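A short write-up of the structure that comes next.
The values are calculated or read from the model by the stated rules, or taken from the named source; none is laboratory data. Here the structure is a predicted model, which means the values were calculated and not measured. A quick note on method: Cβ atoms are made from the backbone with ideal geometry, for glycine too, and the neighbour counts reach across all protein chains shown. To get the accessible areas, we keep the full protein, side chains included, count just its heavy atoms, and leave off ligands, DNA and RNA. Shrake-Rupley method; radii C 1.70, N 1.55, O 1.52, S 1.80 Å.
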Amino acid sequence: MSEQYLFTDNDLDLTLDDLSRRDYRFRKWKTATIKIADELQKSGYDDKATILSGCASQLIFKQQEKSLKLLKTHFCKHRICPLCAWRKRLVWLQKLHISLNTIQNLYKEKRLKFKLIFLTLSQKNCRIDDLNKEINKMSKAWDRFVDDNLAKTPFYPKIFPSDGYFRALEVTNKLINYEVWCNVHYHVLIVAPQDYAKNKFVTHPEWVKAWRKAMQLDYDPTAHVKFIKFGQQSEVLKYLVKPLNYDLWIEETLRMYKDELHTIPNRTSHYHSLLFGMIQQLKHCRQFSTSGLIRRYMPRSSPEEHEDYINIKKLQIAEGGKKDGLPNLKFVWNDNNYYLNTFW
């Protein structure tokens, strides 16, 4: 919105998309959340369905000169809510960016540079019923992986640098032989000194060997490692679980088993197994972890307290819109879209 707009009652049929094109993502992710809530309700999980369907049902924005700024809403913060996952990712991405900017400035003051290493660690798939055990196993293995391979000096005695890391957990899923299987993996952003691996490059087999030892496996797991440039750190910020879209799940099932459709059991039951399995298995798991310089210079506020991830218990309606001569806008979810409800 590039200029002041005087609203009247005739504008109450306007949608959020009409006033701010960049905020179409609210509608996109809210729609995905509603679909999950519908499936939960069909299966008798009315309480969880109510929680998800009520997520961000009302949005209050302050008008700025060229955009809208979210002032107040209520996020359900459920693990499988696509809308909350999207907002949480944005918050942590900004926090990581602030931390890396601070580290970069500190290095510049000392006339030094640093490298960013993007590391992905994974292993064989597990059944969805074993997902929580696999996540806990990986968490303990990660501690061993860091302790055993931590570089204590600027020289090269170990493969893991000590300047800090940001670790993100991601869980993907697929249907294998009519069963839901999951793959758990870590995406890790590592801050390393400029001279790290200068004299001896850390080879791929070395990373694989180190992760195999930490996981206590009898086979070689998966490890991908590469250097990335400053500004590409968004690669490490993944969703804990990709949005559990029912339509996409059915489409993928049909694509994988197109030659044997008559033998596929109830596809909806597979989706419900995935949905309820994720709800149960992802309890108390930690999605993000930080260490070293990244943790030291990352903003201390929790995502819920961040200006873009509003906690309605602590926030009052701001009057900035009135002072600027621009009214605050309230949008309400109705008929698969956000419609302008009131302004003041």
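Out of Leu70, Leu100, report the one residue that is among the aliphatic types (A, V, I, L, M), within 30 Å of Gln232 (Cβ to Cβ), modelled with pLDDT of 90 or more and in contact with a Phe, Trp or Tyr (Cβ under 7 Å, 6 or more places away or on another chain).
Numbers: Leu70 fails: modelled with pLDDT of 90 or more.
Answer to the selection: Leu100.
Checking the conditions here, which among His97, His74, His78 is within 30 Å of Leu326 (Cα to Cα) and either open to solvent by 60 Å² or more (accessible area, probe 1.4 Å) or not in a helix (DSSP H, G or I) (or both)? Steps first, answer last, please.
Values: His97 fails: within 30 Å of Leu326 (Cα to Cα); His78 fails: within 30 Å of Leu326 (Cα to Cα).
Of the residues listed, the single one that is within 30 Å of Leu326 (Cα to Cα) and either open to solvent by 60 Å² or more (accessible area, probe 1.4 Å) or not in a helix (DSSP H, G or I) (or both) is His74.
What are the residues in segment 31-71 that are over 28 Å from Leu274 (Cβ atoms) and surrounded by 17 or more Cβ atoms within 10 Å (Cβ to Cβ), if any?
From segment 31-71, those over 28 Å from Leu274 (Cβ atoms) are 58-71; that's our starting set.
Hits for segment 31-71 are Leu59, Ile60, Phe61, Lys62, Gln63, Leu68, Leu70, Leu71.
If His224 satisfies all but one of (1) open to solvent by less than 80 Å² (accessible area, probe 1.4 Å); (2) touching a Ser or Thr at 6+ places or on another chain (Cβ under 6 Å), what's the number of the condition it fails?
Of the numbered conditions (1) open to solvent by less than 80 Å² (accessible area, probe 1.4 Å); (2) touching a Ser or Thr at 6+ places or on another chain (Cβ under 6 Å), the odd one out for His224 is (1).
What pairs can you find where one residue is in segment 202-230 and farther than 24 Å from Asn125 by Cβ, the other is of a type in the set (D, E, K, R) and surrounded by fewer than 18 Cβ atoms within 10 Å (Cβ to Cβ), and their Cβ atoms are less than 8 Å apart, with a gap of 6+ or different chains?
As it stands, the answer is Ile228/Glu235, since those pairs meet every condition given.
May I ask you to list the residues in segment 117-140 that are outside any helix (DSSP H, G or I) and under 20 Å from the mean Cα position of the chain (by Cα)? Steps first, please.
Step one: filter segment 117-140 for residues outside any helix (DSSP H, G or I), giving 117-127.
Within segment 117-140, Ile117, Phe118, Leu119, Thr120, Leu121, Ser122 qualify.
If you scan segment 111-130, which residues turn out to be of a type in the set (D, E, K, R) and either open to solvent by less than 20 Å² (accessible area, probe 1.4 Å) or touching a Cys at 6+ places or on another chain (Cβ under 9 Å) (or both)? Break it down into steps so the answer makes sense when it comes.
In the first step, residues of segment 111-130 are kept if they are of a type in the set (D, E, K, R); the result is 111, 113, 115, 124, 127, 129-130.
Correct list: Arg127, Asp130.
Taking the residues in segment 157-216 that are among the aromatic types (Phe, Trp, Tyr) and farther than 14 Å from Trp142 by Cα as candidates, determine which candidate is modelled with the highest pLDDT. Steps first, please.
Of all residues in segment 157-216, those among the aromatic types (Phe, Trp, Tyr) come to 160, 165-166, 178, 181, 186, 196, 201, 207, 211.
Subset that is farther than 14 Å from Trp142 by Cα: 178, 181, 196, 201.
Numbers: Tyr178: 69, Trp181: 85, Tyr196: 73, Phe201: 66.
Among them, the one singled out is Trp181.
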